[in-house]
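Q: I have a structure I would like to understand better, so I am pasting it below and will then ask my questions one at a time.
FYI, it's all coordinate maths here, none of it is from the lab. These numbers come from a predicted model, not from an experiment. For neighbour counting, all protein chains shown are included, and Cβ atoms are generated from backbone atoms with ideal geometry for every residue, glycine included.
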Amino acid sequence: MSRTGRNVWLVTARELKAYFATPLAYIFIVIFLILAGAMTFFVGGWMDRGQADLQPFFTFHPWLYLFLVPALSMRLWAEERRTGTIELFLTLPVTMVEAVVGKYLAAWIFTGIALALTFPLWITVNQLGNPDNGVIAASYIGSLLMAGAFLAVGSMISATTKNQVIAFVVTTAVLFVFTLAGSNVVLDAIRSFLPATVVDIVSGFGFLTHFQSIARGVIDLRDAIFFASVIVLALAANALIVDLKKAE
């Protein structure tokens, strides 16, 4: 393993250990599982549909992440800046990029653990019928990619403030805009006063549109590139912001 990879892993392991050292990790996981189950069974009417699939389960993932991911990402850098531990953290023998990527990967892995714990639903749907497991697997991958993009944006915004509440509110607002950017509600509203080229650009930034495309069972390279680009750009901005504000 290269030095960079080793340093990123050390930061990731340190942050993951910190998550599970407090009740925060368990509270987040329990709330995620309860809300995912409630929306699947009661709001999505999974059992009443009579179809062996997990479409109602994945339909609500963008809205779950819209509130739960900001709650997770708001502390990534805001807490470090508020308590002043960011100076101590950055004295570790790691580069700024390694620190940013390590903290981000810890949050993403943690979110992946919470998502993986929904596996009983996958087992249940296979017991009840003969679902297309390829579509379900693609939906899980799409959900994880979307969560990664949400976390990258949240981490970037967390680096701009010392107040976790502000980080949560701003992240939620920004993600809400990006989630609905490609929906018909937004596109129909802007078509009347914006040229078609701009409308197409706006539709391309919709997280919901790209996730729904993957959830249909086809992992289009364009959707994967979109989420990867959001992650890379947000983390690059994250590193720049932390570097600029580390002395504040």
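Q: Quick check: pseudo-label points 7 Å beyond the Cα along Cα→Cβ at Phe41 and Trp9, how many nm apart are they?
A: So the two model labels end up 4.0 nm from each other.
Q: Relative contact order of the chain, please, whole-number percent, based on alpha carbon pairs below 8 angstrom and at least 6 residues apart.
A: Details: 289 pairs, mean separation 63.9, N = 248.
Once divided by the residue count of the chain, the mean separation gives 26 percent.
Q: Scan around Gly206 for amide H atoms under 5 Å from its own, H built in the peptide plane at 1.01 Å from N, and keep only partners 5 or more places away or cross-chain.
A: For Gly206, the qualifying residues are Gly182.
Q: Can you give the helix-only mean residue ellipticity at 222 nm for the chain, where every DSSP H stretch with n ≥ 4 adds -39500 (n - 2.57) and the sum goes over all residues, rounded to the nearest 500 deg cm²/dmol? Walk me through the intermediate numbers first.
A: Numbers: 15 runs with 191 residues, N = 248.
It lands at -24500 deg cm²/dmol.
Q: At R0 = 25 Å, how high is the FRET efficiency between Ala228 and Ala116 if r is their beta carbon distance? Nearest 0.05 is fine.
A: On the way: r = 21 Å, r/R0 = 0.83.
Rounded to the nearest 0.05, the efficiency is 0.75.
Q: On C-alpha positions alone, give me the angle between the axis of helix 23-38 and the longest principal axis of the chain, in degrees, nearest 10.
A: Roughly 10 degrees between the two axes.
Q: Then there is this: Highest mean first, how do 101-111, 8-18 rank when packing is the count of other Cβ atoms within 10 Å averaged over residues? Could you put the intermediate results ahead of the total?
A: Working: 101-111: 21.8, 8-18: 16.7.
Taking the mean over residues of other Cβ atoms within 10 Å, the ranking is 101-111, 8-18.
Q: From the phi of every residue in segment 160-170, what ³J(HN,Hα) in whole Hz does the Karplus formula 6.51 cos²θ - 1.76 cosθ + 1.60 yield, where θ is phi - 60° and glycine or proline is x?
A: Using θ = phi - 60°, the values come out as 8, 9, 9, 9, 5, 5, 4, 4, 5, 5, 5 Hz.
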